[in-house]
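The values are calculated or read from the model by the stated rules, or taken from the named source; none is laboratory data. Because the structure is predicted, anything quoted here is derived from the model rather than measured. Cβ placement follows ideal geometry from the backbone for every residue including glycine, while neighbour counts extend to all protein chains displayed. Calculation scope for accessible area: heavy atoms of the full protein, side chains included, ligands and nucleic acids excluded. Shrake-Rupley method; radii C 1.70, N 1.55, O 1.52, S 1.80 Å.
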Amino acid sequence: MKLLDTKYSPSILEKKWYDYWMEKKYFSSSPLEDKENYTIVIPPPNVTGKLTMGHVLNNTIQDILSRKARMEGKNVSWIPGTDHASIATESKVAKMLEDKGINKKDISREEFLTHAWEWKEKYGGIILEQQQKLGNSCDWDKLTFTMDEDYSNAVLESFVRLYNKGLIHKGNRLVNWCPKSQTALSDEEVIFKEVEGKLWYIKYKIEDSDTFIEIATTRPETMLGDAAIAVNPSDKRFKSLIGKNAILPLVNKTIPIIADKMVDTEFGTGCVKITPAHDPNDYNVGITHALDMLNIMNPDGSINSNAPDKYVGLTREKARKKIINDLETEGFLLKEEDYLHKVGYSERGDVPIEYYLSNQWFLKMKELAKPATEVVKSGEIKFHPNHWVKTYNHWMDNIQDWCISRQLYWGHRIPVWYKKGSDHSKQENWYVSITPPEDIENWEQDEDVLDTWFSSWLWPFGVHGWPNNEKLVKQYYPTDILVTGPDIIFFWVARMIISGIEFLDEIPFKDVYFTSILRDSTGRKLSKSLGNSPDPIELFEKYGTDATRFSIMLMSPQGSDVYFSENGLEIGRNFMNKIWNASRFIMINHDKDFSNTLDRDSLDIYDKWILSKLDTTLKKVNVHYSNYQFNEAIKVIYDFTWNEFCNWYIEIAKIKFNSSDKSEKNNTFLVAKEVLKKVLLILHPIAPFITEEIWSYLKNDSDKDIIISSWPTIGSGNLQYDEARIVSLKEIVVAIRTIRSELNVAPTQKISASISIKNVADESLFDSLKSMIMVLTNLENLNIEINLDKPKQSAVGICKNCVVYVPLGDLVDPKEEMLKLNKRLQDIEGFIAVIETKLSNKAFTDKAPEKIVNHEKSKLDDFIFEREKIIANIEMLK
């Protein structure tokens, strides 16, 4: 048998095996195969993107599911792809051009798109290469980009179908507007941030009167577009003013004073200015009262020609300063106050949005949403964890029309043409089709593109050539599960369910697994902008990809946020080294004359115990996987492999390999090999590279590569063995090793011990364990007696069926050890006092983050436990 290298070097193995799997086409699926299909579609990362820790978690889960399904004999197709990401990509391309001295506005649409495609070809594959570095076993033959020709046709087809059903319409409405990207945004693309702003109090003169009405606003620059002042009809203070007019300061325009229940009598003065073209609430009031809707801003947020000349062309920030200054100069500004309020920011542009009156395309959502709401409420689609159902239902029950048009170049251009020279607002002058009109020279196409999410909502079936390839769609749709982040439950999950039912009359998946949110040790979400998100590729190089995958899955329980720490990756790296060294040890003990057939009639108690434990482990792992409890499955694998197999069975095997009985050595080798192979099989989906490498050394001639080997079955049979004997062995060995550790006695130093048992019936049990105990704990003497009195100055270990004594003798200097212990006890008492004082301080427990308070409580528990151990050791030395 060949031997593994002495040292585990992950980077060499990873490239070797990924290239091998690709060459063998193990990731590819064929629709002709007579197998059960298993399909997952990857949440397509932005073509602008690079791998993040969020991707590592999300993609590892999908890879685990794909690899396990492949081992279960299913026809697996995990479909990869990238999203064209309209705003993000256009911004990057525009910045690239700017760096070259080219302004986007100075070139044609066609020229810009040429640059964009060149940029995509150059940089768009980075994240795909990184996904391969992660080990993604994607069906790369089916790689899809949302602007591929077939996929683009699907997007345009969906628009035309919905338009023909009367669900898409065009209208002049108030939308969220990004002045930086100069495009409309959906509500989900707006992030609200708390901002320390100002509240300005301004007085408006009542027409034909010497009196004034006072309003409060956070946006004085928008007053240039005021159409009214509103008061609550129930507010007796202003009842006499309803129906009168006020004079708009700086503009000197007459505006009505109206009554509307929307006005909060507690906000500011109880009177509010109404600017229908720049505030969503004011927009609704404007419609109700038929007010003028005056847009006073350009697409870039600067003031337009609808405002007085002296403000035209000013940025909104400069306009605000000048307006405040002019109001103060002319005596209209009463006061200003500090005011903490929430301001909407463009998710991509990271600038405050404007509410902007604009002509846009909208999709009616209420009727479309009803069946998609019902399939989740009924449990036809299950969410893991289930608490996201409430969030989903709340959004779906309150769904609004979707603004699907964007004022960009990069994306799917809206398939609507207008007759040249005609009134574009009239539908009889429109041509709506995925193909241009034959007399194209008489038509001009709509300039806008569709929202990126309008393409990605088709992803589960668009990747299969819908609507032109029904056979392929039937083969792979619906998918089995969606793995995604909860932050796009509305952007993507809800809309995919809607589109699947609308276009195929079938749900797109049966289960949705929402990944954990990754946070740093202080609770902040991992983010490049915060500088707290490590580069996964650097972690792969430092710890190994398998170790990174293993560790991040171990620290990610279903439904809980993950507090990521790089130190946690040490667990994975140590585990990989443990597996490697255990595998190498087993290989070293192979003999060319060994039989390849396990003699099950000659299995000893230790063989039966480990094989039974293996079966129990397999059962638990299968249950956890079926419930999508990945970290629980990994904990079970880790605990069995590290503790039961490596720390116990391998240690016992070392003794058995030194036996003169060749058949015992042969059987020990075969049991260890069988257990190791099954461990590698259940570990493979999590740690694919190291498992394939070790498997290649262990596999028999009849074995396939591990990636396509069968998922292990529970096959050890009903093995009968005396479990009490194993429990007693472990308890005694642990007790002696613990005493060694607490007294700083080196494992290599020979010591003596005594065991006090309860009765004659136990003698044969403990006698049968004697030689194994002595070797495992490095004893030179072991005395076993019934009801043995405690020897003087002996350390004590309490077990279930016996008491272990270790005479101290010359092992330690009692006086010196007592001094050390008393000094440490004094320190511990001090630490405990400090923490107890902190935790009894209500100001600390109420105001400090929960994680910090829990950390202090955990430290206190640790110190109390250590204090008890020290006191016990002091008593032992007396």
Spatial separation of Cα centroids for the range 760-820 and the range 676-698, in angstrom = 40
For the chain: accessible area per residue (Å², 1.4 Å) | 46
Check the straight Cα-Cα distances from K335 and name the lysines below 17 Å, setting aside those fewer than 8 residues away within the same chain.
-> K198, K203, K205, K273, K321, K322
The alpha-carbon center of the range 67-113 and that of the range 528-555 are separated, in whole Å, by 24
Asserting the computed 222 nm helical MRE of the chain (DSSP H runs at least 4 long, -39500 (n - 2.57) per run, divided by residue count, to nearest 500) equals -13500 deg cm²/dmol
The percentage of the accessible area of the range 401-543 (probe 1.4 Å, all protein chains present) made up of carbon and sulfur atoms, to the nearest whole number, is 46
Over 30 Å between C-alpha atoms is what I'm after, so list which of K35/K390; K133/K635; K619/K730; K758/K859; K662/K730 land there.
-> K35/K390; K758/K859
For the E110, Q400 Cβ pair and Förster radius 25 Å, calculated FRET efficiency rounded to 0.05 is 0.10
What full-extension length gain, to one decimal in nm, is calculated for V834 and E763 as 0.36 nm per residue of separation minus the Cα-Cα distance?
-> 20.6 nm
Spin-label model distance (nm) - I12 vs T616, 7 Å beyond Cα toward Cβ = 3.9
So what's the net charge close to K95: Lys and Arg +1, Asp and Glu -1, counting the other residues with Cβ under 12 Å from its Cβ?
-> +1
When the Karplus curve 6.51 cos²θ - 1.76 cosθ + 1.60 is applied with θ = phi - 60°, which whole-Hz ³J(HN,Hα) does each residue of the range 328-345 get, with x for Gly and Pro?
-> 5, 4, 8, x, 9, 8, 8, 5, 9, 10, 5, 8, 8, 8, 8, 10, x, 10
Percentage relative contact order, the range 450-591, counting C-alpha pairs under 8 Å, at least six apart = 19
Go through the range 398-403 residue by residue and turn each phi into a ³J(HN,Hα) via Karplus (6.51, -1.76, 1.60, θ = phi - 60°); whole Hz please, and just put x for glycine and proline.
-> 10, 5, 10, 4, 9, 6
How large, in percent, is the carbon and sulfur part of the accessible surface of the range 700-795 at a probe radius of 1.4 Å?
-> 47
Using alpha carbons only: equivalent-ellipsoid semi-axes of the range 1-160, gyration tensor based, whole Å = 35, 22, 12
Under 20 Å from the V432 label point (7 Å along Cα→beta-carbon), backbone N, the range 482-499 = 498-499
Relative to the first principal axis of the alpha-carbon coordinates of the chain, what is the inclination of helix 388-397, with its axis defined by its Cα atoms, in degrees from 0 to 90 and to the nearest 10?
-> 10
Please work out the FRET efficiency for the pair A848 and D639, using the Cβ-Cβ distance as r and a Förster radius of 25 Å; give the result to the nearest 0.05.
-> 0.15
Can you give the angle from 0 to 90° between the axis of helix 723-742 and the longest principal axis of the chain, with both taken from C-alpha atoms, to the nearest 10?
-> 80
For the range 185-286, what D do you get in µm² per second when you plug the Kirkwood radius from alpha-carbon pairs into Stokes-Einstein at 10 °C and 1.306 mPa s?
-> 111
Each label sits 7 Å from Cα toward the beta-carbon; between N359 and K253 the label points are separated, in nm, by 2.1
Rg to Rh ratio, the chain, alpha-carbon atoms and Kirkwood radius?
-> 1.08
Directionally averaged shadow of the range 646-712, computed from the convex hull of its alpha-carbon atoms, nm² | 5.1
Subtract the Cα-Cα distance of E328 and R867 from 0.36 nm times their separation in residues, and report this length gain in nm to one decimal.
-> 187.1 nm
For the range 333-382 and the range 560-618, compute the distance between their C-alpha centroids and round to whole Å.
-> 53
Heavy-atom accessible surface of the range 28-145: percent carbon and sulfur, 1.4 Å = 48
Alpha-carbon Rg/Rh ratio, for the range 373-520, with Rh computed the Kirkwood way = 1.06
Amide H neighbours of L174 under 5 Å, counting only residues 5+ apart in sequence or on other chains, H built in-plane at 1.01 Å?
-> S358
Nearest 0.05, what FRET efficiency do D789 and K654 give at R0 = 30 Å with Cβ-Cβ as r?
-> 0.30
Over 32 Å between Cα atoms, which of K790/K820; K474/K699; K613/K790 qualify?
-> K474/K699; K613/K790
Calc'd 3J(HN,Hα), the range 773-781, phi into Karplus 6.51 cos²θ - 1.76 cosθ + 1.60 (θ = phi - 60°), Hz, glycine/Pro = x, comes to 4, 4, 6, 5, 10, 6, 9, 9, 9
I874 to N577: extension gain in nm, 0.36 nm per residue of separation minus the Cα-Cα distance?
-> 103.1 nm
Label point distance in nm, I126-E570, each placed 7 Å from Cα along Cα→Cβ | 3.2
Between helix 662-683 and the chain: long-axis angle, C-alpha atoms, 0 to 90°, nearest 10 | 10
